[in-house]
Amino acid sequence: MQKKISKEEVEYLAKLARVGLTEDEIGKYQKDLADILGYVEKLNEVDTDNVEPMAAGIEKRNEMREDKIEKIEGTPAELISEAPKHEDGFIKVKSIFD
Amino acid sequence: MELTNRTIKELQKEDKAEVLSACLNRIREVEPKLHAFVTHAPLQSAGQAHDKNPNTQYAIHNTAKGQSPLAGIPVGIKDVICTRNMRTTASAKMLDSFIPPYDATVVKKLKEAGAIVVGKNNCDAWAHGSSTENSDYGVTPNPWDLARVSGGSSGGSAAAVAAGEIPYSIGTDTGGSIRQPAAFCGVVGLKPTYGRVSRYGLIAMGSSLDCPGPITKTVEDAVMVMNVIAGPDERDATTLKNLYVSHTPGEKIPPHLESEEMKRINFEFTKDLNKDIKGLKIGVPKEYFGLGLFDEVGEVFKQSLLTFEKMGAEVIEISLPHTEYALAAYYVIMTAETSSNLGRYDGVKYGFSAKDSKDLIDSYFKTRDEGFGDEAKRRIMLGTYVLSSGYYDAYYLKAAKVRRLVYEDFLKAYEKVDVILTPTAPTPAFKIGEKADPVSMYLADVFTVPVSLAGLPAISIPAGFSPDKLPIGVQIIGPHFEEAKILNVAHKFEKETAGEEWRKFKPVI
């Protein structure tokens with residue numbers, strides 16, 4: 001089944017997902033998304049009335065642990081040093097407001 | 001026999017310093033052709049790895065931690081699993097410089113058992129793919145034919161084990177990423193029950209599907225690794241608690257854990273290994289024979305059924321009626337979870353950050369445009385689409401309902417049979433560059449994906465070769481928590497076929 005995805009739809013999704021795309025990429029994803037969604041349409045052949053959705057293959061309650069502080073192997077300095085920009089133990093980001 | 005051809009079991013009596021040095025030499029010898037590692041010890045000692053504290057002096061445990069059969073044995077870790085002070089890239093440019101400050105729980109457990117982590121195995125970027133062609137660090141070819149793919153996404157793990165670089169590796173399986181490359185490379189790959197092995201420290205793809213597991217040369221080796229890596233973890237709330245270990249006898253078990261399902265959880269993988277399989281009921285789903293199955297794979301599969309019958313097992317045709325919808329449901333659920341999990345790569349906390357952005361929001365767009373490859377973007381876009389308002393019910397919710405039907409198909413089947421046997425993949429390893437469009441690549445996982453949706457344990461074991469000497473695997477699928485059963489069935493098959501001609505084949509590289 002062929003589906004159509006417009007240029008505007010791809011641009012809207014890219015905006016939601018915070019992914020910048022070139023014009024070429026937009027054209028390509030229009031086609032790819034249409035192909036994959038076309039394939040996925042076959043789910044509509046399945047009668048799912050009165051079927052409960054399933055989130056994972058094992059249905060059990062999560063195992064909660066006690067909410068207590070525990071030490072990990074790494075130090076705070078090691079964690080901060082992974083940030084692309086950091087200064088004096090703080091992570092630096094670009095300005096949020098003009 | 002050279003040290004690098006041996007199993008974990010056979011290496012027990014060897015000098016562990018010699019074992020390590022044999023592995024490192026083998027890595028130096030074949031890596032230029034195989035490229036099964038993104039980062040490895042010889043690179044580190046040459047100062048070419050981006051590591052903070054290159055730990056080239058390994059502590060070798062011949063006897064000190066001799067309690068575990070993994071002590072002193074080298075291991076490779078798929079590059080989507082965090083290793084403290086050893087670069088972890090997910091084979092993606094976005095994480096080119098990422099050095100985790102902590103170990104994933106699987107890695108922590110292995111190190112505590114004395115295992116020697118010699119490097120990080122290549123895979124498809126973010127584990128997105130079925131061929132390892134999608135790695136930002138280049139493809140890992142198949143050791144049996146360098147013009148073909150090693151499978152994926154744990155292709156580097158499977159290829160490295162097949163080529164004798166390491167005796168075993170830890171891979172991850174979301175829709176077949178341990179089992180399919182194991183089949184393509186002629187090794188053993190176990191995807192445990194969802195929740196059996198902790199996901200803490202994995203670079204997440206589909207969190208309701210991801211399972212770390214062993215890739216080994218033999219079934220017995222897979223058992224030894226599982227005995228170390230499986231078990232509950234406070235850092236992963238979906239891991240399954242071991243009632244028989246964490247509660248002393250007589251202690252009252254919390255009521256919500258006292259279900260029949262929880263009682264069946266068994267953490268002893270060795271006990272049934274040699275059990276006779278006479279009378280075992282093996283189900284073969286009839287739906288699996290329409291899905292693009294190649295004749296040479298069908299032929300090996302039929303041979304394996306004859307072998308099982310010769311051993312006294314009974315082969316029964318079963319039906320898993322929703323099989324043809326599983327892949328479609330999987331691609332909705334997995335991309336939805338992927339788009340959410342990849343949301344964290346924003347260029348702020350770690351990894352790649354784009355230069356020359358004017359403000360924070362611009363930096364997000366640029367970082368994610370430049371840092372993500374084609375397949376990651378495709379999955380983010382698709383996942384965003386199926387979760388977006390207006391499409392959520394039609395796609396995500398619909399897929400989650402079909403997931404239950406796939407799961408119920410399996411539960412019904414297990415009322416009649418003990419295990420289910422299928423080919424692992426519809427084809428042997430395909431040629432590099434052969435699958436150009438995304439849907440045809442997705443079809444490589446058609447036999448492994450239903451199992452992942454249902455959270456079941458399954459193992460791929462070598463079962464024979466195609467006429468042009470490419471390995472072919474079969475998949476044994478068990479009920480939830482019944483790893484011991486599928487390991488038993490796999491082990492018996494391995495022993496029964498040990499003398500066959502194809503068992504003598506070795507990849508030449």
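The set of residues in segment B:109-158 being farther than 20 Å from B:ARG28 by Cβ and over 18 Å from the mean Cα position of the chain (by Cα) consists of B:LYS111, B:GLU112, B:ALA113, B:GLY114, B:ALA115, B:ASP136, B:TRP144, B:ASP145, B:ALA147, B:ARG148.
So, A:LEU37, is that one within 7 Å of chain B (Cβ to nearest Cβ) and either surrounded by 12 or more Cβ atoms within 10 Å (Cβ to Cβ) or modelled with pLDDT under 95 (or both) or not? Answer is no for this residue. For segment B:84-98, a residue qualifies if it is modelled with pLDDT under 95 and crowded, with 24+ Cβ neighbours inside 10 Å, and exactly one does: B:MET86. Checking each residue in segment A:86-98 for being out of contact with any Lys or Arg (no Cβ under 8 Å at 6 or more places or on another chain) and assigned to a loop (DSSP other than H, G, I, E, B) picks out A:ASP88, A:GLY89, A:SER95, A:ILE96, A:PHE97, A:ASP98.
Filtering segment A:20-34 down to residues that are part of a loop (DSSP other than H, G, I, E, B) and surrounded by 16 or more Cβ atoms within 10 Å (Cβ to Cβ), which residue is farthest from the other protein chains (Cβ to nearest Cβ)? Among those that are part of a loop (DSSP other than H, G, I, E, B) and surrounded by 16 or more Cβ atoms within 10 Å (Cβ to Cβ), it is A:LEU21. Of A:ALA14, A:ALA83, A:ALA56, all but one fail to be assigned to a helix (DSSP H, G or I), among the small types (Gly, Ala, Ser), surrounded by 17 or more Cβ atoms within 10 Å (Cβ to Cβ) and under 25 Å from the mean Cα position of the chain (by Cα); the exception is A:ALA14. Among residues of segment A:42-61 that are facing chain B (nearest Cβ under 7 Å), those with a beta-carbon under 7 Å from a residue that is hydrophobic (A, V, I, L, M, F, W, C) and surrounded by fewer than 16 Cβ atoms within 10 Å (Cβ to Cβ) at least six positions away or on a different chain give the pairs A:PRO53/B:LEU397.
State yes or no: is B:GLY383 within 23 Å of the chain's Cα centre (by Cα) and outside the structural domain of B:GLU314 (by TED's automatic domain parsing)? Let's see the steps before the verdict.
Details: within 23 Å of the chain's Cα centre (by Cα): yes; outside the structural domain of B:GLU314 (by TED's automatic domain parsing): yes.
Considered against the rule, which asks whether it is within 23 Å of the chain's Cα centre (by Cα) and outside the structural domain of B:GLU314 (by TED's automatic domain parsing), B:GLY383 comes out as yes.
When you look at B:GLY72, is it under 24 Å from the mean Cα position of the chain (by Cα), on the phi > 0 side of the Ramachandran plot, modelled with pLDDT under 95 and in the same structural domain as B:THR140 (by TED's automatic domain parsing), yes or no? Yes.
The values are calculated or read from the model by the stated rules, or taken from the named source; none is laboratory data. Please read these numbers as outputs of a predicted model, since none were measured by experiment. Neighbour counts run over all protein chains shown; Cβ positions are idealised from the backbone, glycine included.
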